[in-house]
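The values are calculated or read from the model by the stated rules, or taken from the named source; none is laboratory data. Since the model is a prediction, treat every value here as computed from it, not as a measurement. Cβ placement follows ideal geometry from the backbone for every residue including glycine, while neighbour counts extend to all protein chains displayed.
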Amino acid sequence: MATQESGIQSEHPSLVRALTQGVVLEQTPGHIHIAFDRPRRVLSSAVLNGGFCQASHYVNMRVPKRCPLALEDPVKTLERYCHDRGWAEATVGMMTAASMKSLRVVHEKLAGESLAVIVTTGLDNARRAGDPAEFSTLMVVPDKVGTINMVILTSANLTDEAMVEMVIVATEAKAAALQNLGVISPVSGELATGTGTDAIAIVAGDRGENNTQPIRFTGKHTLIGERVAQLVMAALKSSINGSSETAC
């Protein structure tokens, strides 16, 4: 299979580096920042500019485990953070209490298109889907720390429905990785499937490096679905096992 020729590459980015063509990743103790050379289509569960949007930046902002900003709207906190750093264009923003040392970047070429998974991992907030909730009302802002923040980045042109399907595959892969590693929910004592505050972003190309037609399917029967799942599991395994500061 062509994807095996270059193999999977795992790295610990330092400062600023090119991730793929037109994509630059910056790592600091306070954030992970990804800049795109042109606006990209993004589907995410991010605090800032979640849902579908066109974005020129992505940021994963670190907050203290006991955050003095907890009483402020997280959107305002992220907007101010982006403004102070001169990121004027639309930014997709997430928050985490996890150490930036937990960052893992895993990428490969797939049928001429680039595919990358970027994760930071904190597990203090591990939960199994269906565990009893801490809140009994619908309108709450969870304040628990320990989060798995994940970005799936590809140059391939994906339809909206393909981006949604990729969220499903990546989420299943995350759950499988945590189960393989024996991560336990402190609430139920059963195998965790994630944390209580996980976030994900899918970043797609607008035309693909090969100017191909939009990809409509990204599920488990497809090559891209297989590779996304494998990269997610590789990135999470490395992140969870490779840093003493991961479980923050």
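Counting only residues that are without any contact (Cβ under 8 Å) to a residue 60 or more places away in the chain and among the aliphatic types (A, V, I, L, M), the range 179-189 holds 1 of them.
Any idea which of ARG80, ARG38 is more than 18 Å from the chain's Cα centre (by Cα), over 25 Å from THR193 (Cα atoms) and in a strand (DSSP E or B)? Explain how you work it out, then say what you get.
Numbers: ARG80 fails: in a strand (DSSP E or B).
Among ARG80, ARG38, only ARG38 is more than 18 Å from the chain's Cα centre (by Cα), over 25 Å from THR193 (Cα atoms) and in a strand (DSSP E or B).
Is there a residue being in contact with a Gly (Cβ under 9 Å, 6 or more places away or on another chain), crowded, with 23+ Cβ neighbours inside 10 Å and farther than 26 Å from ALA55 by Cβ anywhere in the range 167-185? Yes, the conditions are met somewhere in the range 167-185. Only one of the numbered conditions (1) under 21 Å from VAL167 (Cα atoms); (2) modelled with pLDDT under 95; (3) of a type outside the set (Gly, Ala, Ser) is not met by LEU43, and that is (2). Taken over the range 202-225, the residue count meeting the criterion of being in a loop (DSSP other than H, G, I, E, B), of a type outside the set (Lys, Arg), surrounded by 13 or more Cβ atoms within 10 Å (Cβ to Cβ) and modelled with pLDDT of 95 or more is 4. Of the residues making up the range 212-227, those that are of a type in the set (Gly, Ala, Ser) and over 16 Å from GLY112 (Cα atoms) number 1.
For the range 101-127, a tally of residues being buried (at least 20 other Cβ atoms within 10 Å of the Cβ) and either outside any strand (DSSP E or B) or over 21 Å from the mean Cα position of the chain (by Cα) (or both) returns 5. Pairing each residue of the range 54-71 that is over 30 Å from ASP160 (Cα atoms) and of a type outside the set (Lys, Arg) with any residue that is outside any strand (DSSP E or B) and at pLDDT 85 or above, provided the two are 6+ apart or on different chains, yields C-beta distances under 6 Å for VAL63/ALA97; LEU69/THR77. Looking across the range 41-52, the residues that are under 17 Å from ASN149 (Cβ atoms) and in a strand (DSSP E or B) come down to VAL42, LEU43, SER44, LEU48, GLY51.
Based on what the data block shows, is ALA199 closer than 18 Å to LEU19 by Cβ, surrounded by 16 or more Cβ atoms within 10 Å (Cβ to Cβ) and modelled with pLDDT of 95 or more? Answer is no for this residue.
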